[in-house]
Amino acid sequence: MEVLAFLLPFVLLGGAVLFISFSGGPSVAGEAFLMGGQRRGFRYGILLVYPLLGVVVPALILMNSGEAAGGKGSLEGQELTSQQAQGKILFRQQCASCHNLDAVNARGVTGPDLDEIGAVSKNRVVAAIANGGTGQDRMPKGLLEADEAEAVGAYLQKVASR
């Protein structure tokens, strides 16, 4: 439906160009529209085209933008175990300000994008939390307790890079 809404203005514009071309140029086409009964048809046509292009097309695009910026991530409603659910909450509280993760629509900028770092295992996440990332002193060591780190690791193992 949104493809049709996107193409419609171009089809209408193309039709107008063809009409002008085949009627003998812009001045002859203008006279044809302004003469006799065709003038009323033109007025009604314009009254139909402007709302269609100005309201309906943007509305269709906005209605179909669920995964666009500001939308919910495709994994937002994923079924989680209780440990993973706790990890999701902890990730939002402690990690989302630094790391990017599409599953919770997190857009952190200082830490690595967890959807692009390759395979994410629970042990890798727990080690990174305990050691402060990869050892470059960009992440504080021990941000979470052991069981909290395990929960975040379980959650990231399920949703990162998906």
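Pairing each residue of the range 107-131 that is closer than 15 Å to Phe91 by Cβ and surrounded by 13 or more Cβ atoms within 10 Å (Cβ to Cβ) with any residue that is at pLDDT 90 or above and charged (D, E, K, R), provided the two are 6+ apart or on different chains, yields C-beta distances under 8 Å for Lys122/Glu150; Val126/Glu150. So in the range 132-152, with the set limited to residues that are hydrophobic (A, V, I, L, M, F, W, C) and touching a helix residue (DSSP H, G or I) at 6+ places or on another chain (Cβ under 7 Å), which one is nearest to Phe91 (Cα to Cα)? Of everything passing the filter in the range 132-152, Val152 is nearest to Phe91 (Cα to Cα). Within the option set Ala119, Ala154, being of a type in the set (A, V, I, L, M, F, W, C) and in a helix (DSSP H, G or I) holds for one residue only, Ala154.
Only one of the numbered conditions (1) surrounded by 16 or more Cβ atoms within 10 Å (Cβ to Cβ); (2) more than 26 Å from the chain's Cα centre (by Cα) is violated by Asp147, and that is (1). For the residues Val55, Val126, the requirement of being modelled with pLDDT of 75 or more and either in a helix (DSSP H, G or I) or closer than 30 Å to Gly15 by Cβ (or both) singles out Val126.
The values are calculated or read from the model by the stated rules, or taken from the named source; none is laboratory data. All of these numbers come straight from a predicted model, not from anything done at the bench. All Cβ positions, even for glycine, are placed from backbone atoms using ideal geometry, and neighbour counts span all protein chains on display.
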